[in-house]
Amino acid sequence: MENLNIDSGIYPDIEPYNTGKLKVSDVHELYYEESGNKDGKPVVFLHGGPGAGTNPGNRCFFDPQAYRIILFDQRGAGKSTPPAELKDNTTWDLVEDIERLRKHLGIDRWVVFGGSWGSTLSLAYSETHPDRVKALVLRGIFTLRRKELIWFYQEGASMIFPDAWEEYSQFIPEVERGDLMSAYYRRLTSDDEQTRVAAAKVWSKWEMSTSRLHVDHSLVNKAADDLWAQQFARIECHFFVNGGFLKAENHLIQNADKIRHIPTTIIQGRYDAVCPMETAWLLHKALPEADFHIVPDAGHSIKEPGISRLLIKATDKYKTL
Ligand SMILES: CNCC(=O)c1nnc(C(C)(C)C)o1
(Lines give C-alpha, C1' and ligand atoms only; values in the text may rest on other atoms or scores of the structure.)
Protein backbone atom coordinates (compact mmCIF):
# COMPACT_ATOMS: atom_id res chain seq x y z
CA MET A 1 0.00 0.00 0.00
CA GLU A 2 2.83 2.38 -0.88
CA ASN A 3 2.11 6.13 -1.09
CA LEU A 4 -1.28 5.53 0.50
CA ASN A 5 -2.93 8.61 1.99
CA ILE A 6 -3.25 7.31 5.56
CA ASP A 7 -5.77 9.95 6.70
CA SER A 8 -8.49 9.24 4.15
CA GLY A 9 -7.33 5.70 3.42
CA ILE A 10 -7.19 6.41 -0.29
CA TYR A 11 -4.49 7.28 -2.80
CA PRO A 12 -3.51 10.95 -3.42
CA ASP A 13 -5.30 13.11 -5.99
CA ILE A 14 -4.00 12.71 -9.55
CA GLU A 15 -4.80 14.23 -12.95
CA PRO A 16 -5.61 12.30 -16.16
CA TYR A 17 -2.84 11.76 -18.70
CA ASN A 18 -5.48 11.42 -21.43
CA THR A 19 -9.12 12.45 -21.93
CA GLY A 20 -11.46 11.95 -24.85
CA LYS A 21 -15.01 11.74 -26.23
CA LEU A 22 -16.47 8.60 -27.81
CA LYS A 23 -19.60 8.73 -30.00
CA VAL A 24 -21.66 5.65 -29.07
CA SER A 25 -24.98 6.35 -30.85
CA ASP A 26 -26.74 8.87 -33.12
CA VAL A 27 -27.60 10.74 -29.90
CA HIS A 28 -24.94 10.11 -27.26
CA GLU A 29 -21.24 10.95 -26.92
CA LEU A 30 -19.33 9.79 -23.82
CA TYR A 31 -16.57 11.58 -21.89
CA TYR A 32 -13.78 9.29 -20.73
CA GLU A 33 -10.36 9.74 -19.10
CA GLU A 34 -7.26 7.72 -18.30
CA SER A 35 -4.97 8.27 -15.29
CA GLY A 36 -2.22 6.44 -13.40
CA ASN A 37 0.13 4.11 -15.31
CA LYS A 38 -0.61 3.96 -19.07
CA ASP A 39 1.13 0.55 -19.15
CA GLY A 40 -0.60 -0.60 -15.94
CA LYS A 41 -3.39 -3.08 -15.30
CA PRO A 42 -6.64 -1.63 -16.73
CA VAL A 43 -9.56 -0.93 -14.37
CA VAL A 44 -12.86 0.72 -15.28
CA PHE A 45 -14.87 2.73 -12.71
CA LEU A 46 -18.68 2.53 -13.12
CA HIS A 47 -20.33 5.49 -11.36
CA GLY A 48 -23.59 5.50 -9.46
CA GLY A 49 -27.00 7.00 -9.87
CA PRO A 50 -27.52 6.24 -12.62
CA GLY A 51 -26.74 9.76 -13.74
CA ALA A 52 -24.32 10.74 -10.96
CA GLY A 53 -21.29 11.08 -13.26
CA THR A 54 -17.67 10.68 -12.18
CA ASN A 55 -15.48 13.05 -10.14
CA PRO A 56 -11.70 13.35 -9.64
CA GLY A 57 -11.90 11.59 -6.27
CA ASN A 58 -12.95 8.39 -8.05
CA ARG A 59 -9.38 8.04 -9.38
CA CYS A 60 -8.03 7.71 -5.83
CA PHE A 61 -9.28 4.17 -5.15
CA PHE A 62 -6.53 2.68 -7.30
CA ASP A 63 -2.74 2.53 -6.97
CA PRO A 64 -1.65 4.91 -9.74
CA GLN A 65 1.68 3.09 -10.13
CA ALA A 66 -0.06 -0.22 -10.82
CA TYR A 67 -3.31 0.67 -12.59
CA ARG A 68 -4.36 2.23 -15.88
CA ILE A 69 -7.40 3.94 -14.33
CA ILE A 70 -10.33 4.52 -16.69
CA LEU A 71 -13.30 6.68 -15.71
CA PHE A 72 -16.18 7.53 -18.03
CA ASP A 73 -19.48 9.36 -17.67
CA GLN A 74 -22.43 7.16 -18.66
CA ARG A 75 -25.04 8.41 -21.17
CA GLY A 76 -26.39 11.84 -20.18
CA ALA A 77 -24.22 12.05 -17.04
CA GLY A 78 -21.31 14.29 -16.12
CA LYS A 79 -19.45 15.59 -19.19
CA SER A 80 -21.18 13.17 -21.59
CA THR A 81 -23.61 14.78 -24.00
CA PRO A 82 -26.41 15.64 -24.41
CA PRO A 83 -26.78 16.16 -20.63
CA ALA A 84 -29.70 14.35 -18.91
CA GLU A 85 -30.81 12.86 -22.26
CA LEU A 86 -33.20 9.90 -21.77
CA LYS A 87 -33.48 8.79 -25.42
CA ASP A 88 -31.56 5.54 -26.12
CA ASN A 89 -30.57 5.38 -22.45
CA THR A 90 -31.06 1.90 -20.96
CA THR A 91 -29.01 -0.58 -18.94
CA TRP A 92 -28.24 -2.59 -22.06
CA ASP A 93 -27.10 0.50 -24.01
CA LEU A 94 -24.68 1.21 -21.14
CA VAL A 95 -23.45 -2.40 -21.08
CA GLU A 96 -22.54 -2.16 -24.77
CA ASP A 97 -20.99 1.29 -24.24
CA ILE A 98 -18.55 -0.33 -21.81
CA GLU A 99 -17.59 -2.78 -24.56
CA ARG A 100 -17.29 0.08 -27.11
CA LEU A 101 -14.95 1.93 -24.74
CA ARG A 102 -12.92 -1.19 -24.01
CA LYS A 103 -12.36 -1.82 -27.73
CA HIS A 104 -11.68 1.90 -28.38
CA LEU A 105 -8.91 1.84 -25.75
CA GLY A 106 -7.43 -1.43 -27.02
CA ILE A 107 -8.09 -3.32 -23.77
CA ASP A 108 -8.60 -7.11 -23.73
CA ARG A 109 -9.79 -7.62 -20.15
CA TRP A 110 -10.09 -5.32 -17.14
CA VAL A 111 -10.96 -5.06 -13.47
CA VAL A 112 -14.49 -3.66 -13.03
CA PHE A 113 -15.27 -1.44 -10.00
CA GLY A 114 -18.76 -0.17 -9.17
CA GLY A 115 -20.87 0.96 -6.22
CA SER A 116 -24.62 1.41 -5.87
CA TRP A 117 -25.94 1.77 -9.44
CA GLY A 118 -22.33 1.13 -10.42
CA SER A 119 -22.66 -2.31 -8.78
CA THR A 120 -25.85 -2.89 -10.78
CA LEU A 121 -24.11 -2.02 -14.04
CA SER A 122 -21.04 -4.05 -13.04
CA LEU A 123 -23.25 -7.12 -12.58
CA ALA A 124 -25.14 -6.53 -15.83
CA TYR A 125 -21.87 -6.03 -17.76
CA SER A 126 -19.97 -8.97 -16.22
CA GLU A 127 -22.94 -11.35 -16.63
CA THR A 128 -23.14 -10.32 -20.30
CA HIS A 129 -19.38 -10.29 -21.01
CA PRO A 130 -17.80 -12.52 -18.31
CA ASP A 131 -14.75 -13.23 -20.48
CA ARG A 132 -13.79 -9.52 -20.37
CA VAL A 133 -13.72 -9.19 -16.56
CA LYS A 134 -10.55 -9.99 -14.57
CA ALA A 135 -12.09 -9.15 -11.17
CA LEU A 136 -15.07 -7.34 -9.64
CA VAL A 137 -15.07 -4.83 -6.77
CA LEU A 138 -18.67 -4.12 -5.72
CA ARG A 139 -19.97 -1.71 -3.04
CA GLY A 140 -23.46 -0.81 -1.76
CA ILE A 141 -25.25 -3.52 -3.73
CA PHE A 142 -28.26 -2.42 -5.78
CA THR A 143 -30.13 -4.80 -8.12
CA LEU A 144 -33.24 -2.69 -8.84
CA ARG A 145 -35.73 -5.21 -7.55
CA ARG A 146 -39.15 -3.61 -7.03
CA LYS A 147 -38.80 -3.93 -3.23
CA GLU A 148 -35.51 -2.02 -3.30
CA LEU A 149 -37.09 0.85 -5.22
CA ILE A 150 -40.21 0.92 -3.02
CA TRP A 151 -37.97 0.91 0.08
CA PHE A 152 -36.15 4.08 -0.92
CA TYR A 153 -38.68 6.03 -2.97
CA GLN A 154 -42.11 5.07 -1.52
CA GLU A 155 -41.88 3.67 2.02
CA GLY A 156 -39.09 2.29 4.16
CA ALA A 157 -36.13 4.61 4.34
CA SER A 158 -38.78 7.18 5.20
CA MET A 159 -38.96 5.60 8.68
CA ILE A 160 -35.24 6.10 9.27
CA PHE A 161 -35.09 9.65 7.87
CA PRO A 162 -38.61 11.11 8.50
CA ASP A 163 -37.06 14.57 8.60
CA ALA A 164 -35.49 14.44 5.12
CA TRP A 165 -38.49 12.43 3.84
CA GLU A 166 -40.93 15.25 4.65
CA GLU A 167 -39.53 17.60 1.96
CA TYR A 168 -39.32 14.78 -0.61
CA SER A 169 -42.87 13.47 -0.08
CA GLN A 170 -44.62 16.80 0.50
CA PHE A 171 -43.23 18.22 -2.76
CA ILE A 172 -45.84 16.00 -4.46
CA PRO A 173 -49.56 16.81 -3.95
CA GLU A 174 -51.23 14.36 -1.54
CA VAL A 175 -53.48 12.90 -4.26
CA GLU A 176 -50.38 11.73 -6.17
CA ARG A 177 -48.34 10.39 -3.20
CA GLY A 178 -49.47 6.80 -3.72
CA ASP A 179 -46.86 6.48 -6.50
CA LEU A 180 -44.08 8.98 -5.86
CA MET A 181 -41.68 7.71 -8.55
CA SER A 182 -44.32 8.20 -11.26
CA ALA A 183 -45.30 11.57 -9.84
CA TYR A 184 -41.69 12.73 -9.91
CA TYR A 185 -41.18 11.29 -13.41
CA ARG A 186 -44.06 13.41 -14.76
CA ARG A 187 -42.33 16.51 -13.40
CA LEU A 188 -38.79 15.46 -14.37
CA THR A 189 -39.94 15.02 -17.98
CA SER A 190 -42.10 18.16 -18.06
CA ASP A 191 -41.79 20.59 -20.98
CA ASP A 192 -41.37 23.33 -18.37
CA GLU A 193 -37.73 23.72 -17.24
CA GLN A 194 -38.61 25.28 -13.89
CA THR A 195 -40.79 22.28 -13.09
CA ARG A 196 -37.99 19.88 -14.06
CA VAL A 197 -35.33 21.70 -12.02
CA ALA A 198 -37.50 22.04 -8.91
CA ALA A 199 -38.38 18.33 -8.92
CA ALA A 200 -34.78 17.32 -9.66
CA LYS A 201 -33.39 19.27 -6.72
CA VAL A 202 -35.85 17.77 -4.21
CA TRP A 203 -35.38 14.22 -5.58
CA SER A 204 -31.57 14.57 -5.45
CA LYS A 205 -31.55 16.16 -1.98
CA TRP A 206 -33.43 13.14 -0.58
CA GLU A 207 -30.71 10.76 -1.73
CA MET A 208 -27.80 13.04 -0.81
CA SER A 209 -29.25 13.46 2.69
CA THR A 210 -29.40 9.71 3.30
CA SER A 211 -26.19 8.42 1.66
CA ARG A 212 -23.99 8.76 4.76
CA LEU A 213 -24.28 7.37 8.30
CA HIS A 214 -23.70 10.94 9.47
CA VAL A 215 -25.16 13.56 7.11
CA ASP A 216 -22.46 15.02 4.81
CA HIS A 217 -23.61 18.54 3.94
CA SER A 218 -21.12 18.84 1.09
CA LEU A 219 -22.95 15.87 -0.47
CA VAL A 220 -26.36 17.43 0.22
CA ASN A 221 -25.23 20.66 -1.44
CA LYS A 222 -24.61 18.79 -4.73
CA ALA A 223 -28.41 18.69 -5.10
CA ALA A 224 -28.48 22.50 -5.38
CA ASP A 225 -26.71 22.40 -8.76
CA ASP A 226 -29.38 22.75 -11.48
CA LEU A 227 -27.55 20.72 -14.12
CA TRP A 228 -26.21 17.95 -11.90
CA ALA A 229 -29.57 17.54 -10.16
CA GLN A 230 -31.37 17.17 -13.51
CA GLN A 231 -28.82 14.66 -14.80
CA PHE A 232 -29.00 12.63 -11.57
CA ALA A 233 -32.77 12.78 -10.98
CA ARG A 234 -34.02 12.45 -14.57
CA ILE A 235 -31.78 9.51 -15.40
CA GLU A 236 -32.35 7.74 -12.07
CA CYS A 237 -36.13 8.11 -12.25
CA HIS A 238 -36.17 7.07 -15.93
CA PHE A 239 -34.36 3.82 -15.07
CA PHE A 240 -36.47 3.20 -11.96
CA VAL A 241 -39.92 3.65 -13.51
CA ASN A 242 -38.72 1.18 -16.15
CA GLY A 243 -37.46 -1.34 -13.59
CA GLY A 244 -33.90 -0.88 -14.77
CA PHE A 245 -34.92 -2.36 -18.16
CA LEU A 246 -34.08 -5.71 -16.62
CA LYS A 247 -35.47 -8.91 -18.11
CA ALA A 248 -36.95 -10.21 -14.83
CA GLU A 249 -37.58 -8.94 -11.31
CA ASN A 250 -34.48 -10.61 -9.87
CA HIS A 251 -32.49 -10.86 -13.10
CA LEU A 252 -29.04 -9.95 -11.79
CA ILE A 253 -29.01 -12.33 -8.79
CA GLN A 254 -30.59 -15.12 -10.87
CA ASN A 255 -27.77 -14.82 -13.42
CA ALA A 256 -24.96 -14.59 -10.86
CA ASP A 257 -23.89 -18.14 -11.67
CA LYS A 258 -22.37 -16.74 -14.89
CA ILE A 259 -19.77 -14.82 -12.86
CA ARG A 260 -19.03 -17.19 -9.94
CA HIS A 261 -15.58 -17.89 -11.41
CA ILE A 262 -14.57 -14.22 -11.41
CA PRO A 263 -12.50 -13.00 -8.38
CA THR A 264 -14.97 -10.74 -6.58
CA THR A 265 -15.10 -8.55 -3.46
CA ILE A 266 -18.43 -7.34 -2.07
CA ILE A 267 -18.36 -4.46 0.45
CA GLN A 268 -21.58 -3.31 2.18
CA GLY A 269 -22.38 -0.82 4.90
CA ARG A 270 -24.54 -2.38 7.64
CA TYR A 271 -26.59 0.80 7.93
CA ASP A 272 -26.92 1.53 4.19
CA ALA A 273 -30.33 3.21 4.03
CA VAL A 274 -30.22 3.72 0.25
CA CYS A 275 -29.43 0.13 -0.75
CA PRO A 276 -30.24 -1.97 2.36
CA MET A 277 -27.97 -4.88 3.18
CA GLU A 278 -30.46 -7.61 2.26
CA THR A 279 -29.48 -7.30 -1.41
CA ALA A 280 -25.76 -7.63 -0.65
CA TRP A 281 -26.57 -10.70 1.47
CA LEU A 282 -28.48 -12.30 -1.42
CA LEU A 283 -25.56 -11.59 -3.77
CA HIS A 284 -23.15 -13.06 -1.21
CA LYS A 285 -25.29 -16.23 -1.14
CA ALA A 286 -25.31 -16.36 -4.93
CA LEU A 287 -21.53 -15.77 -5.08
CA PRO A 288 -20.19 -17.90 -2.19
CA GLU A 289 -16.63 -17.72 -3.47
CA ALA A 290 -16.61 -13.89 -3.30
CA ASP A 291 -14.97 -11.99 -0.42
CA PHE A 292 -17.86 -10.44 1.55
CA HIS A 293 -17.38 -7.59 4.02
CA ILE A 294 -20.04 -5.96 6.20
CA VAL A 295 -18.82 -2.57 7.46
CA PRO A 296 -20.44 -2.25 10.92
CA ASP A 297 -20.30 1.55 11.16
CA ALA A 298 -21.11 2.63 7.61
CA GLY A 299 -24.00 3.78 5.50
CA HIS A 300 -24.17 3.81 1.70
CA SER A 301 -21.47 6.17 0.44
CA ILE A 302 -18.07 5.28 -1.03
CA LYS A 303 -16.76 7.97 1.34
CA GLU A 304 -17.58 6.02 4.52
CA PRO A 305 -14.07 5.46 5.99
CA GLY A 306 -14.57 1.75 6.65
CA ILE A 307 -15.83 1.25 3.10
CA SER A 308 -13.02 3.28 1.52
CA ARG A 309 -10.33 1.29 3.33
CA LEU A 310 -11.79 -2.06 2.22
CA LEU A 311 -12.14 -0.83 -1.35
CA ILE A 312 -8.45 0.03 -1.39
CA LYS A 313 -7.58 -3.40 0.06
CA ALA A 314 -9.57 -4.99 -2.75
CA THR A 315 -8.03 -2.95 -5.58
CA ASP A 316 -4.58 -3.57 -4.09
CA LYS A 317 -5.36 -7.30 -4.05
CA TYR A 318 -6.37 -7.34 -7.71
CA LYS A 319 -3.60 -5.14 -9.12
CA THR A 320 -1.36 -8.17 -9.68
CA LEU A 321 -3.93 -10.09 -11.76
C1 LIG B 1 -30.39 4.84 -5.97
N2 LIG B 1 -29.09 5.39 -6.40
C3 LIG B 1 -28.02 4.70 -5.88
C4 LIG B 1 -26.72 5.23 -6.42
O5 LIG B 1 -26.22 4.77 -7.41
C6 LIG B 1 -26.13 6.33 -5.70
N7 LIG B 1 -26.38 6.65 -4.48
N8 LIG B 1 -25.60 7.74 -4.19
C9 LIG B 1 -24.92 8.04 -5.25
C10 LIG B 1 -23.94 9.18 -5.34
C11 LIG B 1 -23.49 9.61 -3.95
C12 LIG B 1 -22.73 8.76 -6.16
C13 LIG B 1 -24.61 10.34 -6.02
O14 LIG B 1 -25.21 7.18 -6.23
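The values are calculated or read from the model by the stated rules, or taken from the named source; none is laboratory data. All values reported here derive from a predicted model rather than from experimental measurement. Counting neighbours? That spans all protein chains shown, and the Cβs are built from the backbone with ideal geometry, glycine included. With ligands, DNA and RNA removed, areas are computed over all heavy atoms of the protein, side chains included. Shrake-Rupley method; radii C 1.70, N 1.55, O 1.52, S 1.80 Å.
Is it fair to say ALA135 is of a type in the set (A, V, I, L, M), modelled with pLDDT of 95 or more and part of a helix (DSSP H, G or I)? The answer is no for ALA135. Tallying residues that are over 22 Å from THR210 (Cβ atoms) and either among the hydrophobic types (A, V, I, L, M, F, W, C) or assigned to a loop (DSSP other than H, G, I, E, B) (or both) within the stretch 284-313 yields 7. There is no residue in the stretch 257-275 that is open to solvent by 60 Å² or more (accessible area, probe 1.4 Å), over 18 Å from the mean Cα position of the chain (by Cα) and either within 18 Å of HIS47 (Cα to Cα) or free of Cβ contacts under 8 Å to residues at least 24 places away in the same chain (or both).
None of ALA183, ALA229 is within 16 Å of the ligand (Cβ to nearest atom), out of contact with any strand residue (DSSP E or B) (no Cβ under 7 Å at 6 or more places or on another chain) and either of a type outside the set (Asp, Glu) or in contact (Cβ under 8 Å) with a residue 60 or more places away in the chain (or both) except ALA229. The set of residues from the stretch 35-68 being part of a strand (DSSP E or B) and under 19 Å from GLU96 (Cβ atoms) comprises PRO42, VAL44, PHE45, LEU46.
Whether a residue is crowded, with 21+ Cβ neighbours inside 10 Å and among the charged types (D, E, K, R) was assessed, and ARG234 passes this test. Filtered by the rule that a residue be open to solvent by 40 Å² or more (accessible area, probe 1.4 Å) and either part of a helix (DSSP H, G or I) or not hydroxyl-bearing (Ser, Thr, Tyr) (or both), the stretch 69-98 gives LYS79, PRO82, PRO83, GLU85, LYS87, ASP88, TRP92, ASP93, GLU96.
For beta carbons closer than 8 Å, sequence separation of 6+ or different chains, a first residue in the stretch 125-146 that is more than 27 Å from GLU304 (Cβ to Cβ) and a second that is away from the ligand (no atom under 12 Å from the Cβ) and part of a strand (DSSP E or B), the qualifying pairs are ARG132/TRP110. Using the structure shown, decide if LYS103 is under 18 Å from SER25 (Cα atoms), surrounded by fewer than 24 Cβ atoms within 10 Å (Cβ to Cβ) and within 16 Å of the ligand (Cβ to nearest atom). So LYS103 fails the test. For the stretch 124-158, a residue qualifies if it is open to solvent by 20 Å² or more (accessible area, probe 1.4 Å), touching a helix residue (DSSP H, G or I) at 6+ places or on another chain (Cβ under 8 Å) and away from the ligand (no atom under 16 Å from the Cβ), and the qualifying residues are THR128, HIS129, PRO130, ARG132, LYS134. Would you say ASP108 is over 17 Å from GLY20 (Cα atoms) and away from the ligand (no atom under 13 Å from the Cβ)? So ASP108 fits the description; yes. Of all the numbered requirements in (1) open to solvent by less than 10 Å² (accessible area, probe 1.4 Å); (2) touching a Gly at 6+ places or on another chain (Cβ under 7 Å); (3) of a type outside the set (A, V, I, L, M); (4) assigned to a helix (DSSP H, G or I), THR279 misses one, and that requirement is (2).
Here GLU127 meets each of (1) within 20 Å of the chain's Cα centre (by Cα); (2) not in a helix (DSSP H, G or I) with one exception, condition (2).
A residue that is over 23 Å from HIS251 (Cα atoms), hydrophobic (A, V, I, L, M, F, W, C) and modelled with pLDDT of 95 or more can be found somewhere in the stretch 110-129. Look at the stretch 298-314: where a residue is among the basic types (Lys, Arg) and a partner is more than 10 Å from the ligand (Cβ to nearest atom), sitting 6+ places away or on another chain with Cβ atoms under 7 Å, you get ARG309/GLY9. Out of PHE232, PHE239, one residue alone is on the phi < 0 side of the Ramachandran plot and in contact with a Pro (Cβ under 7 Å, 6 or more places away or on another chain). It is PHE239.
Candidates GLU249, GLU236: the one that is of a type in the set (D, E, K, R), closer than 21 Å to TRP92 by Cα and within 11 Å of the ligand (Cβ to nearest atom) is GLU236.
May I ask you to verify whether PRO50 is open to solvent by 20 Å² or more (accessible area, probe 1.4 Å) and within 16 Å of the ligand (Cβ to nearest atom)? When the stated conditions are applied, PRO50 does not pass them. With respect to the stated conditions, ALA198 fails to be open to solvent by less than 10 Å² (accessible area, probe 1.4 Å) and within 25 Å of GLY53 (Cβ to Cβ).
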